[in-house]
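The next block holds one structure in the form of structure tokens; read it before the comments.
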Amino acid sequence: MRIIKDINFNWKYTDQFKEEYIGEDFDDSYFSEVNIPHSNIEVPFNNFPEEIYQFESCYRKSLWLDKWHDDEMVFIHFEGVMTYAKVYLNGQYLGEHKGGYTGFRIDLTPAARAEDYNLLAVYVDSRERSDIPPFGHVVDYMTFGGIYREVSLEYCHKVYIESSLIKGKDLLSETPLMEVDLHLKNSDGRSGVISCSGELVRDNRNVLHFTTEIALSGNENQLHRFNCSLENIELWDIENPALYHLNLTLTEKGKETGKYSYRCGFRDISYRPDGFFLNGRKIKIRGLNRHQTYPYAGNAMPKSAQYKDAEILKEELGVNTVRLSHYPQSRHFLDRCDELGLLVFDEIPGWQHIGDDDWKKISLKNVEEMIKTDGNHPSIFIWGVRINESQDDDEFYAKTNDLARSLDNSRPTGGVRCFPGSRLLEDVYTYNDFNHSGKNAGLIKRKKAAKSKVPYLVTEHNGHMFPSKKFDNEKHRTDQAKRHLTVLDWMYGDSEISGAIGWSMFDYYTHQDFGSGDKICYHGVMDMFRIPKNASFAYASQQDENPVMYISSSMNIGENEGSLLGDVYIFTNCDSVKMYKGGSFVKEFYPRRDLYPHLPHPPVVIDDFLGDAIEKNETFSRRNAAVIKELMTKISREGYSLGLIDTIRMGLLFLKTGMNYKDAEDLYTKYFGGWGGAANSYTFEGFIDGECVKRVEKNQNALPRLVLSVDKTELREEETWDCTRCIVSLADSSGNIFHYGNDAFQIETTGPIEVIGPETIALVGGSVGFWLKTRGEEGQAQVKIHSGRFGTIEENLNIEVRGK
Ligand code: GAL
């Protein structure tokens, strides 16, 4: 029998370590009560010493173990402990693990007592140990500490499947196959024959049955590979992410010894010099890089937060790819990518630095752990087997590549580098291209980076080239968006570039050697709470699923140099945008394909705030009205000093119309609403196929309201605690954010929930977020926001606690 039990609740924790903590008799009643995922310390939002999470700590748990048969064993499975762990049961040392980004199993059997409470103690070292990747030099992200991913027990037979890899072969041919690699562990080196029967299931429908016999070799590790033909299989695709379950049953001498179930999907991947092909269809990769960190909690966030990030990427930002920079991430995140059809670039932990031979051994182990743990996620289309942006090391990287290929012959390898002409030992030249600095080319050519005609993918761009905060001025925020669009435009326009993955999805915690001095790198298209900056809409507007129309300006003249609005960018996938000023139609604007020839959806640029208003409202002839508009538009963009020819044209106009300088000034104020003029209101309507699909009002007299939005109101504890994100923003009745709102407020909760992080916070650039977490009880919960200025806003949550 094989049984898996989650053991995430009711742990004891202390932020130090002493040998005596290992002992069964040690009294840990003064330790804190914690649930896993757990961060060894809750960190401030910013401006803290980075050593605060770098210490040794201890977790203890009184663990009830059921009975198991002589032929069976019991394991504990940790999905992620940062950075080094030693595991003890009933005072006995049972094993260790180096590296915080991959999971590990420890056999508890030698020290375990069945049908009894056992004392589990885990020593956790969260210091930046130079013997473990990514450490040894500087790293541009914080690693945080603790048992931050889930923990479970597994009771299983002594001959068990350690991991499986389910692959599709020849999927586009007449004779598609499923190839399965079973990595078996034969812990007592037995011989004989066992049998493995299986079924492939989709939506409770059985699509395949098979049985395969396995002759045990007597070795501890054994690979059993078999294949079956597939019929009428639905392929996994980014638009139709079809998923199957492979259910396996092992039997020995007619007796069942274990059941296993793996979710999987079948898709054909081909990476060629002319691009990336999914199921035979060429796809341009448009993606973002993701770190796994969150405000206050560091790495320690459960399933729903991980799910939400994948949903934001696919549904809000409209990208088709995410790179797990720079380490394997939560299985929940990957599960959701599988379900949504979001392609994933998975890679081993590391950042620029390669350590000594022992360090490299851990890195090779990381390759194995990554592939064996993540291999059945159809969303993963490539394995990153280089230390991000490290120097060439042919001997080392030949080994990482060989290992990856020997474990998984169904996916290409990549390895992220940042210098041209690096030696390609991988299948795809994956390159961080930070060429774009605002005015120049978006990307360099493949021949310059890779030096040959090989499959080529840009794995990072922008990032540190243009840090942007949500509270930067409007022009800066929009420039960040334009830079991302420029790179995407170059990517779409170059058939030798298979795609581009931008840096990065959101702002992230970093070390003092990077960032803005407050321990944050503001490189995200969203902030740390996953609240969009203008650049988010550059991405969102490139998809076709939902209509998007984001006006990048608040339309307040005083925000701009010389109080000139300049060009207003609208990030949209609409066919056209109609603008009204003060209720009167000004003009219909179209996407600027002349500026961005290759983008799926170039932005619309508002460069005319008048339309034919002068001609319509004033008594000038059509010709004179046109000249007045042209000259005034010039003034509005370039300032009051007209060149010689335009000054002569202005003079002639005065002669012809009898206008004087004062009349001209009044006219300018009337139509351009410049400094000294009254505020204006604007309406924008976005059209697709002749239908108005989006409407946005921008009214400078609009009043601010504090708005609370909660991602979900039904929380549910299953394998561990649950959480939801709340966003508080200062917005007008049309939803426009007041970007410079910094009001403070208190969060109050009632019922079985608590706030992650401080309960008194302030808006940062008009909005801020926080997470609420469950704490092991059932019932109705409420969250209230108290603001001196805006009063109290409340939201009811139904907290459902299940299956604990
Ligand atoms: C890259 C690096 C990333 C991040 C980025 C910032 O060089 O791979 O981790 O630091 O720069 O733009």
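Residue 499: in contact with a Phe, Trp or Tyr (Cβ under 9 Å, 6 or more places away or on another chain), surrounded by 19 or more Cβ atoms within 10 Å (Cβ to Cβ) and closer than 23 Å to residue 602 by Cβ, yes or no?
So residue 499 passes the test.
Any idea which of 101, 53, 30 is among the aromatic types (Phe, Trp, Tyr), touching a Gly at 6+ places or on another chain (Cβ under 8 Å) and more than 30 Å from residue 160 (Cα to Cα)?
The unique qualifying residue is 53.
Residues in the stretch 138-153: is at least one over 25 Å from the mean Cα position of the chain (by Cα), more than 16 Å from the ligand (Cβ to nearest atom), surrounded by fewer than 22 Cβ atoms within 10 Å (Cβ to Cβ) and not aromatic (Phe, Trp, Tyr)?
Yes; the residues of the stretch 138-153 include at least one that is over 25 Å from the mean Cα position of the chain (by Cα), more than 16 Å from the ligand (Cβ to nearest atom), surrounded by fewer than 22 Cβ atoms within 10 Å (Cβ to Cβ) and not aromatic (Phe, Trp, Tyr).
Of everything in the stretch 427-474 that's of a type in the set (Phe, Trp, Tyr) and away from the ligand (no atom under 16 Å from the Cβ), which residue is nearest to residue 520 (Cα to Cα)?
471
Kindly provide the set of residues from the stretch 216-265 that are part of a strand (DSSP E or B) and either without any contact (Cβ under 8 Å) to a residue 24 or more places away in the chain or of a type in the set (S, T, N, Q) (or both), ordered by number.
Hits for the stretch 216-265 are 217, 221, 222, 227, 229, 247, 249, 251, 255, 257, 261.
I need a count of the residues in the stretch 518-545 that are modelled with pLDDT under 95 and within 16 Å of the ligand (Cβ to nearest atom).
Adding up the residues that qualify gives 0.
Can you pull out the residues in the stretch 85-118 that are part of a strand (DSSP E or B) and closer than 16 Å to residue 18 by Cα?
85, 86, 87, 88, 89, 92, 93
Closer than 23 Å to residue 144 by Cβ, touching a residue at least 12 places away in the same chain (Cβ under 8 Å) and away from the ligand (no atom under 16 Å from the Cβ), is that true of residue 328?
Criteria not met by residue 328.
From 469, 475, 453, grab the single residue that is charged (D, E, K, R), assigned to a loop (DSSP other than H, G, I, E, B), touching a residue at least 12 places away in the same chain (Cβ under 8 Å) and within 22 Å of residue 766 (Cβ to Cβ).
One residue alone meets the criteria, 469.
Conditions (1) farther than 30 Å from residue 569 by Cβ; (2) assigned to a loop (DSSP other than H, G, I, E, B), marked per residue:
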site	(1), (2)
671	no, no
679	no, yes
684	no, no
696	no, no
702	no, yes
709	no, no
721	yes, yes
742	no, yes
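Residue-by-condition table, conditions (1) over 27 Å from residue 406 (Cβ atoms); (2) surrounded by fewer than 19 Cβ atoms within 10 Å (Cβ to Cβ):
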| position | (1), (2) |
| --- | --- |
| 179 | no, yes |
| 204 | yes, yes |
| 216 | no, yes |
| 235 | no, no |
| 245 | no, yes |
| 248 | no, no |
| 252 | yes, no |
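Determine which single condition residue 490 fails, assuming it passes every other condition in (1) over 30 Å from residue 771 (Cα atoms); (2) among the aromatic types (Phe, Trp, Tyr); (3) touching a Lys or Arg at 6+ places or on another chain (Cβ under 6 Å).
Of (1) over 30 Å from residue 771 (Cα atoms); (2) among the aromatic types (Phe, Trp, Tyr); (3) touching a Lys or Arg at 6+ places or on another chain (Cβ under 6 Å), only one is false for residue 490: (3).
Within the stretch 383-409, take every residue that is within 16 Å of the ligand (Cβ to nearest atom) and in contact with an Asp or Glu (Cβ under 9 Å, 6 or more places away or on another chain) and give me the one that is farthest from residue 332 (Cα to Cα).
389
The values are calculated or read from the model by the stated rules, or taken from the named source; none is laboratory data. Bear in mind the structure is a predicted one, so any value in this text is a computation, not a measurement. Here the Cβ is made from the backbone with ideal geometry for all residues, glycine too, and neighbour counts use every protein chain on show.
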